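Notes to accompany the following structure.
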Amino acid sequence: MGAIITLSLLGILVLYLGLYKAKNALLPVTLLGLVVALGFEIAAWDTGATPIYHGMVVFDNLALSFSILCIVITGLILLLSKEYFRAISSNVAEYYTLILFSLTGALLVNSYHNFAMLFVGIEIMSVALYILVGIRKTDFNSNEAALKYFLMGAFSTGFLLFGITLLYGATGTFDITGVKDYVIGNPQTISPLFYGGILLLLVGLCFKIGAAPFHFWTPDVYDGAPILITSYMSTVVKVASFAGFLRLFSYVFVPLHDYWTPVLLVIVIITLFMGNISALMQTSFKRMLAYSSIAHAGYMLFAIVAIGADSASGIFTYAIAYSLASVTAFGGLILVKRAHGSDQFIAFNELGKTNPLLAIAITIAMLSLAGIPLTAGFIGKFMMFHTVMQDYKITLLILAAINAAIGVFYYLRVVVHMYFKSADEGAVEVSVPLNFKIVFIIATLVTILIGLYPDCILSIL
Amino acid sequence: MDSVIQHIQGIPLNHYLIFCSVIFSIGVIGVLIRRNVIIIMMCVELMLNSVNLLLAAFSAYRGDASGQVFVFFVMALAAAEVAVGLAIVIMVYRNTKSVDIESLSKLRW
């Protein structure tokens, strides 16, 4: 709870700093606040498995680990933001404030124990993001992205709420333990309302994580938003939504496994193929990453299809690998776009010669996203495939393997452009500021470290 | 208060369910087929308000206050969402001079 309070107060504090024109203090204060919030989360480790505040929130290790991941990734993204925000807008404080508020919502989604908190958390997370997506007020693409994100977000909230209402109608409680007791207590006489509620909740949450066939907003929004906001959306927001998804399905709906698994299975297969095949056809790096994030949502849903004891640590490992690689990829994209003014693949030509270190960081990120051994992405994919294999869902496994192969193809296309294609207009030196270097080094080292010693992560949850 | 609950309970619960599902469906269909952003936002509100009505009905039938408290959560957050949404619509209108969703289709693969 300390972390949530810290972050909400920090948001207001940063807003006041912006009001009093303390522009240079914004980033240090924000990072300091994130460190304090991180300290609160680590201090609460292994202490609170019981829900607090009348069963509203619970800070078990699942919530804490995902919250720590969210805070760390936000910290890395904010480190990248040093000159980025100042270049596109004069109101820099609002960026930090809105990101912090959105992070508060994400922590609430990680640790809810009552459907009211799930709803409030998702809304806090999304409403701040609607503004962030459209923050470049005169930019046409940013406008369009904001409007689409807002309409789809509000639309999906409607489904989520109707689902929650139907569950309430069937069980008479919003508390997830109460709902779980209802499911276990009346295995034969579960009201039809409850089944409808599960489906609507599934639709609402799939909208949020961007799983097909509810993914159509994702590429446009990710493409139109400022790059740093895209990286925030595709990492922190997705991770938090998955934590909420996981808690709901692994804790509450597990006894009704047979009912929702087929639905989810169809969603997973469509998501994988939609994401990967569309990503294959892109010429823009940013849009390719948007489609690949859809595909990754499909892989992460594996753990929920084959829900079991390993699911939490599987999703957690995958989320770490995916987030770190995404942050590196988007960071690299910011630098390349700054130098070339384009986010197409051809802008990456000859990066291997002009900036060998940046090229290596991006290469490792791409290998991790593709799931090549010795990177964290491999461990994540291995965990996912492993959980499915235990359930003997061989068809799904074969389809996933085909998709992983497609993925390798389009991720390596960037690498090919960096090392083997020559630039037409002559090589442009891409300068890498110190803050980018720090983020790249941290992300790359952790990616390789998890790839070499996966036990250090797998033993956490 | 008791008489209000008796009035609500005078109508079978199924009627509320069907009524709210119909309103919710009208909202969903409206979002999908209408082209004017303002109308789409009104349809979203229709969806949220059908949820509110259903929550109140369930709450009255079960004699449990938490459903009605949830209605306040929904109202407050819907208001926050609409405030941001209208700001976005105004921003879009300044740039395109239109609130038609078709005017925004530059981002296509």
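The values are calculated or read from the model by the stated rules, or taken from the named source; none is laboratory data. What you are looking at is a predicted structure, and each value in this text was computed from that prediction instead of being measured. Neighbour counts run over all protein chains shown; Cβ positions are idealised from the backbone, glycine included.
Observations on the model:
- For the residues A:I270, A:I315, the requirement of being of a type in the set (V, I, T) and either crowded, with 24+ Cβ neighbours inside 10 Å or within 30 Å of A:F348 (Cα to Cα) (or both) singles out A:I315.
- In region B:88-97, the residues that are under 24 Å from the mean Cα position of the chain (by Cα) and either at the interface with chain A (Cβ under 8 Å from one of its Cβ atoms) or modelled with pLDDT under 85 (or both): B:I88, B:V89, B:M91, B:V92
- Evaluation of B:L54 against (1) free of Cβ contacts under 8 Å to residues at least 24 places away in the same chain; (2) surrounded by 13 or more Cβ atoms within 10 Å (Cβ to Cβ); (3) within 9 Å of chain A (Cβ to nearest Cβ) (one fails), failing number: (1)
- A:E144 facing another protein chain (nearest Cβ under 7 Å), among the acidic types (D, E) and farther than 20 Å from A:L10 by Cα: yes
- Residue ID - surrounded by the most Cβ atoms within 10 Å (Cβ to Cβ), chosen from residues in region A:323-357 that are charged (D, E, K, R) and within 14 Å of A:V415 (Cα to Cα): A:E350
- Residue match in region A:192-200 (condition: closer than 19 Å to A:G121 by Cβ, surrounded by fewer than 23 Cβ atoms within 10 Å (Cβ to Cβ), at the interface with chain B (Cβ under 10 Å from one of its Cβ atoms) and of a type in the set (A, V, I, L, M, F, W, C)): yes
- Yes/no for A:V237 being crowded, with 23+ Cβ neighbours inside 10 Å and either farther than 23 Å from B:L32 by Cβ or touching a Phe, Trp or Tyr at 6+ places or on another chain (Cβ under 6 Å) (or both): yes
- If the condition is being among the aliphatic types (A, V, I, L, M), facing another protein chain (nearest Cβ under 8 Å) and buried (at least 17 other Cβ atoms within 10 Å of the Cβ), then region B:57-87 contributes B:V74, B:L77, B:V84.
- Test: residue in region A:40-47 that is under 19 Å from A:L100 (Cα atoms), assigned to a helix (DSSP H, G or I), touching a residue at least 40 places away in the same chain (Cβ under 8 Å) and not charged (D, E, K, R): no
- Picking from residues in region A:98-111 that are of a type in the set (S, T, Y) and at pLDDT 95 or above, the one that is farthest from A:E41 (Cα to Cα) is A:S102.
- Count of residues meeting criterion [free of Cβ contacts under 8 Å to residues at least 60 places away in the same chain and part of a helix (DSSP H, G or I)] in region A:1-33: 12
- Selection count where residues are more than 25 Å from the chain's Cα centre (by Cα) and at the interface with chain B (Cβ under 7 Å from one of its Cβ atoms), scope region A:147-172: 4
- Here B:V44 meets each of (1) buried (at least 17 other Cβ atoms within 10 Å of the Cβ); (2) modelled with pLDDT under 90; (3) assigned to a helix (DSSP H, G or I) with one exception, condition (2).
- Residues satisfying the stated conditions in region A:290-320, i.e. of a type in the set (A, V, I, L, M, F, W, C) and within 13 Å of chain B (Cβ to nearest Cβ): A:A290, A:I294
- Here A:L132 meets each of (1) part of a loop (DSSP other than H, G, I, E, B); (2) more than 10 Å from chain B (Cβ to nearest Cβ) with one exception, condition (1).
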